[in-house]
Amino acid sequence: MFESKSGVFFIAGLFFFVFAFLSNALVPILMYQHLPEQTALEVVNANARYQFEDLAQRYPEQFKQHIGTPPEDLQEADKWYDEQCAEMLKLGRDIYVGEGCWHCHSQFVRPVSNEEERWGPVSRSEEYQNELQRPVLFGTRRVGPDLCREGGRRSNDWHAVHFFKPESLSQGSPMPEYPWFFDGTPDKPNARGLAIMTYIQWLGSWQQSYPYYEAYVPSALQAPVAADETDAAE
Ligand code: HEC
């Protein structure tokens, strides 16, 4: 067996399988098993809250109708926003799963193919240790871009128009339209619309740099052409 080519491949295959299991499953489990799983309320952070309150300002009537009115008392209002934001995150996650967004979008920046350049810091196991990542939504197909650093990249109204009709912002987009996230027009998101936007804005909101794209250094190819160069070209 050890002398034949197929024998060598067989042993090497087994070795790599065991190695992958150790490095991709056992080591992360041992490293992170002591971390408690965070609840949705615990993963509400200042960035997510900012976007959530932005929804309240942008769509006051819809917000009032589908989420409610915050208490007068400032401290109570603070708590209220956190709790409602957590509820919306859970609903948003359910919609993301139910609508099959994960058929086309991943939530995992892989440490290969310079994915960092495109989407931001490579994903870490600890990022998935919370209620909203049950089940984890790594995804396997990428018809659209990875979304785990999407938060803050676009404004809420951009998302509203995009969900209503992706084609109107991205010509030829194969992303389906989601008119049932709205009461008729893109400026009237319903509970589902508000929830999915809260969820999308939350993705990556725990990163040190949020929104991530502001930290993005454009490559030489993308750098804007200096004025004198334009003159010379003309
Ligand atoms: C059939 C595949 C498909 C499905 C299903 C799909 N998308 Fe997309 N999505 C795309 C593609 C392709 C793009 C890039 C073109 C565009 O912007 O429309 C995109 C773009 C996006 C963007 C903008 C990313 C950016 O910053 O440019 C967001 C956010 C998004 N999708 C969220 C969702 C959510 C949430 C769902 C589920 C409700 C969903 N998508 C379902 C294919 C899909």
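The values are calculated or read from the model by the stated rules, or taken from the named source; none is laboratory data. Everything numeric in this text was worked out from a predicted model, so none of it was measured. Cβ coordinates were reconstructed from backbone atoms using ideal geometry, including for glycine residues, and neighbour counts include every protein chain displayed.
Couple of notes before you dig in:
- Candidate set: the stretch 134-181, residues that are among the aliphatic types (A, V, I, L, M) and more than 9 Å from the ligand (Cβ to nearest atom); chosen: the one surrounded by the fewest Cβ atoms within 10 Å (Cβ to Cβ): VAL136
- Neighbours by Cβ (under 8 Å, 6+ apart or cross-chain): first from the stretch 99-119, closer than 17 Å to VAL136 by Cβ and small (Gly, Ala, Ser); second surrounded by fewer than 17 Cβ atoms within 10 Å (Cβ to Cβ) and at pLDDT 90 or above: SER106/PHE138; SER106/ARG141; SER106/ARG142
- For the stretch 144-202, taking the residues that are touching a Leu at 6+ places or on another chain (Cβ under 7 Å) and of a type in the set (S, T, N, Q), the one that is farthest from LEU91 (Cα to Cα) is identified as ASN156.
- All positions within the stretch 182-200 that are of a type in the set (Ser, Thr, Tyr) and near the ligand (Cβ under 10 Å from one of its atoms): TYR199
- The set of residues in the stretch 57-79 being under 20 Å from SER205 (Cβ atoms) and touching a residue at least 12 places away in the same chain (Cβ under 8 Å) consists of ARG58, TYR59, PHE63, ILE67.
- Which listed residue is in a helix (DSSP H, G or I), over 22 Å from PRO211 (Cβ atoms), out of contact with any strand residue (DSSP E or B) (no Cβ under 6 Å at 6 or more places or on another chain) and at pLDDT 95 or above, from PHE16, PHE52: PHE16
- Enumeration of residues in the stretch 19-38 that are surrounded by 11 or more Cβ atoms within 10 Å (Cβ to Cβ) and assigned to a loop (DSSP other than H, G, I, E, B): LEU35, GLU37
- Hits in the stretch 67-89 (condition: among the acidic types (Asp, Glu) and farther than 12 Å from ALA48 by Cβ): GLU72, ASP73, GLU76, ASP78, GLU83, GLU87
- Residue within the stretch 60-73 that is within 16 Å of the ligand (Cβ to nearest atom) and in contact with a strand residue (DSSP E or B) (Cβ under 7 Å, 6 or more places away or on another chain) present: no
- Number of the exception - GLY152 against (1) out of contact with any Gly (no Cβ under 8 Å at 6 or more places or on another chain); (2) closer than 25 Å to TRP206 by Cα: (1)
- Residue tally, condition within 16 Å of the ligand (Cβ to nearest atom) and surrounded by fewer than 21 Cβ atoms within 10 Å (Cβ to Cβ), over the stretch 86-104: 11
- The stretch 120-133, residues that are assigned to a helix (DSSP H, G or I) and either within 16 Å of the ligand (Cβ to nearest atom) or acidic (Asp, Glu) (or both): GLU126, GLU127, GLU131, LEU132, GLN133
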